[in-house]
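To start, the structure under review is shown below, and the notes come after it.
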Amino acid sequence: MCDQVAKTPKHHVVDYRTIAKDAPPEVRKEALKAVDDALRSHGFFYLSHHSVPPPLLAAAFDWMKKFFALPHEVKSLARRSKDPFDPRGYTIVGDAVLDQEHQPHTLGELAEARAKAPVEQRETLELGCPHATNQSPNKLLPEEIFPGFAGWLDEWWDTTMRLQLSLMECFDEILLGENASSGEGLVSQQDLDQSYSNMSLIHYHNMAISDIKNGTASRCNAHTDSSQLTLLFQDDVGGLEVLDQSTPNGQAKFVPVPPVPGMMIVQLGDMLEKQSNGRWRSALHRVTAPSSKRDSVHATTPSAGTEGTLQDRYSVAVFVYPQFDTVIKPLPGCSDKGPWNSFDWGSVQTAGEWWRKRIELEFGKYASS
Ligand SMILES: O=C(O)CCC(=O)C(=O)O
Ligand SMILES: [Fe+2]
């Protein structure tokens, strides 16, 4: 195990090679048990030796740096529309708001939390399935302004979708057991040609640590993802944290999920919490100043060189959704109620309805501005 993860011993690390279909059955069985344990206790795990080729991943970070460094007027050619349900395009600080630090149980409580949340200092490029014809197309800059990006996106999209599908196959085996191939599992809810999955390329602006400390601004407020599953790739800046409820005295606290070279993060979202009947946990997570900097009186960052400044941070989050007409209810094999229950879903039944509720809360303020 890598040293950086060893310092945070509670975090689970899964080696992708051990859950791949061609792994020896005994190895795979053990590894799937480790996946189950991780999702039961923390709702996320590190995935090492994953199938995203390093050059494709490095290109993701290069593209982000290039895109976000463009002048505002140019980026604005790809601006997200004000219709909350037209989710593609470039967003700026203040368009979206996340916040459920105090674990609201209803969508009403979530809306209240969001109304009071500090402003997240981030800009994003929101993208969806490049070849889907059933939803708004991606808002890309013209090829002559940003040559090569569309080609990278196609390859990235297909690679990450194949990866998520192989994780879904593992989840079906864990949750449905012998009935994994019955056509009632998670894989059957996916249509990769017309996928509703989406992703954010994210740039966190450099900012004063004092703004985080005094609560006037933030990087990414605490939230769960509304997806089934999120694939998260972060740069080496740090600051990602997840709520750990497994402490011996029962006191939940946010713990760092530091970047580890070569590893990505697999995180569970609201839909799979419900589909697993609360056996697995939708991870409550946030991005803040890395704890070593936050706790220091004279925090410095070597690259920024400025006292009390947090350097820019980049990440990619791929949010995996089933087809939007999927009814989100416990899967066969998940009749036993587990401990996690992040939300009262009220009358919401389908994946599309849940997405609409959550996206409205996230982007509603921008739409009305
Ligand atoms: O930037 C990160 O590491 C996390 C981003 C995130 O949680 C989100 O956009 O939902
Ligand atoms: Fe998230």
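The values are calculated or read from the model by the stated rules, or taken from the named source; none is laboratory data. Note that the structure is predicted; figures quoted are calculated from it, not measured. Note that each Cβ is placed from the backbone with ideal geometry, even for glycine, and that neighbours are counted across all protein chains shown. Surface areas here come from the heavy atoms of the whole protein model, side chains and all, with no ligands, DNA or RNA. Shrake-Rupley method; radii C 1.70, N 1.55, O 1.52, S 1.80 Å.
For the reader, a short list of remarks on this structure follows.
- Residue pairs whose Cβ atoms lie under 9 Å apart, separated by 6 or more positions or on different chains, with the first residue in segment 208-221 and basic (Lys, Arg) and the second part of a strand (DSSP E or B) and surrounded by 13 or more Cβ atoms within 10 Å (Cβ to Cβ), are 219/120; 219/122; 219/204; 219/207; 219/286; 219/287; 219/310; 219/313.
- Hey, residue 49 under 30 Å from residue 367 (Cα atoms) and either surrounded by fewer than 16 Cβ atoms within 10 Å (Cβ to Cβ) or touching an Asp or Glu at 6+ places or on another chain (Cβ under 8 Å) (or both) or not: no
- Unique match (being more than 15 Å from the chain's Cα centre (by Cα) and open to solvent by 10 Å² or more (accessible area, probe 1.4 Å)) among 234, 251: 251
- Those residues of segment 327-341 which are open to solvent by 20 Å² or more (accessible area, probe 1.4 Å) and in a loop (DSSP other than H, G, I, E, B), in sequence order: 329, 330, 332, 333, 335, 336, 337, 338, 339, 340, 341
- Meets criteria (of a type outside the set (Asp, Glu) and without any contact (Cβ under 8 Å) to a residue 60 or more places away in the chain) for residue 183: yes
- Segment 265-289, residues that are of a type outside the set (Gly, Ala, Ser), within 13 Å of residue 329 (Cα to Cα) and open to solvent by less than 10 Å² (accessible area, probe 1.4 Å): 270, 271, 272, 275
- Only residues that are in a loop (DSSP other than H, G, I, E, B) and either more than 16 Å from ligand 1 (Cβ to nearest atom) or surrounded by fewer than 20 Cβ atoms within 10 Å (Cβ to Cβ) (or both) were counted across segment 204-231, and they come to 5.
- Candidate set from segment 188-218 (those that are under 24 Å from residue 342 (Cβ atoms) and hydrophobic (A, V, I, L, M, F, W, C)); member that is nearest to the chain's Cα centre (by Cα): 199
- Within segment 100-124, the set of residues being open to solvent by less than 40 Å² (accessible area, probe 1.4 Å) and within 15 Å of ligand 1 (Cβ to nearest atom) comprises 100, 110, 114, 117, 120, 122, 123, 124.
- Count of segment 190-201 residues, restricted to those that are out of contact with any helix residue (DSSP H, G or I) (no Cβ under 8 Å at 6 or more places or on another chain) and open to solvent by less than 40 Å² (accessible area, probe 1.4 Å), is 2.
- Set side by side, the residues 57, 127 differ, and just one is away from ligand 2 (no atom under 16 Å from the Cβ) and either more than 27 Å from residue 346 (Cβ to Cβ) or open to solvent by less than 60 Å² (accessible area, probe 1.4 Å) (or both), which is 57.
- Residue identified as within 14 Å of ligand 2 (Cβ to nearest atom) and closer than 18 Å to residue 101 by Cβ among 251, 267, 245: 267
- Only a single item in (1) open to solvent by less than 20 Å² (accessible area, probe 1.4 Å); (2) in a helix (DSSP H, G or I); (3) at pLDDT 95 or above is not met by residue 363, and it is number (3).
- Meets criteria (assigned to a helix (DSSP H, G or I), more than 19 Å from residue 41 (Cα to Cα), among the hydroxyl-bearing types (Ser, Thr, Tyr) and away from ligand 1 (no atom under 14 Å from the Cβ)) for residue 166: yes
- On the stretch given as segment 34-53, residues that are in contact (Cβ under 8 Å) with a residue 24 or more places away in the chain, in a helix (DSSP H, G or I) and out of contact with any Cys (no Cβ under 7 Å at 6 or more places or on another chain) total 6.
- Filtered by the rule that a residue be closer than 19 Å to residue 245 by Cβ and either away from ligand 2 (no atom under 16 Å from the Cβ) or not in a loop (DSSP other than H, G, I, E, B) (or both), segment 84-103 gives a lone residue, 102.
- Selection within segment 254-264: residues that are farther than 18 Å from residue 41 by Cβ and either among the aliphatic types (A, V, I, L, M) or open to solvent by less than 10 Å² (accessible area, probe 1.4 Å) (or both). The member of this set that is nearest to ligand 2 (Cβ to nearest atom) is 264.
- Scanning segment 219-231 for residues that are closer than 20 Å to residue 95 by Cβ, more than 9 Å from ligand 2 (Cβ to nearest atom) and either over 17 Å from the mean Cα position of the chain (by Cα) or not polar (S, T, N, Q) (or both) yields 219, 222.
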